[in-house]
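Beneath this line is the structure, given in structure tokens, with notes to follow.
The values are calculated or read from the model by the stated rules, or taken from the named source; none is laboratory data. Remember, predicted model here, so these are calculated numbers, not experimental data. All Cβ positions, glycine included, derive from the backbone under ideal geometry; neighbour counts span all protein chains shown. What goes into the accessible areas is simple: the full protein's heavy atoms, side chains included, and nothing from ligands, DNA or RNA. Shrake-Rupley method; radii C 1.70, N 1.55, O 1.52, S 1.80 Å.
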Amino acid sequence: MTWMRAASIEEFDKKTGKEVNLSGIRIAIFRIKEKFYAIEALCRHQDGSLAPGRVAGEVVECPLHSWHYNVRTGELLDYLEGVKLKTYNIDLKGKDIYIDV
């Protein structure tokens, strides 16, 4: 794995996330209570980006069809069992966010 700079912490609010593309991998980053989480950006339903979805607690809602994922674990919380998005480790260095891809 390789650590890559993904964003600055100053680019985030607490209601939505931000999508980044690192080496061709689309990753959604979310800021929740001053902690950052990174998961695959695309919903399993119809490949909509999760980054603009509403966040409540540790749950992001896909803006296309309301599928819900836990941003800490990547697990889909409704509709289908066993669906899980890949999660990524994050390291903060100053105001920069690095992701292990």
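Summary table
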item: Calculated P(r) of the stretch 41-97 - Cα pairs past 13 Å, %; result: 59 percent
item: Subset of Lys15/Lys84; Lys33/Lys95; Lys33/Lys84; Lys18/Lys86; Lys35/Lys95; Lys33/Lys86 violating a 18 Å alpha-carbon distance limit; result: Lys15/Lys84; Lys33/Lys84; Lys33/Lys86
item: Relative frequency of Cα-Cα separations exceeding 22 Å in the chain, percent; result: 22 percent
item: Per residue accessible area of the chain, 1.4 Å probe, in Å²; result: 57 Å²
item: Net dipole in debye of the chain [+1 Lys, Arg Cβ; -1 Asp, Glu Cβ; about Cα centre; nearest 20]; result: 200 debye
item: Protein accessible area in the chain, 1.4 Å probe - carbon and sulfur %; result: 46 percent
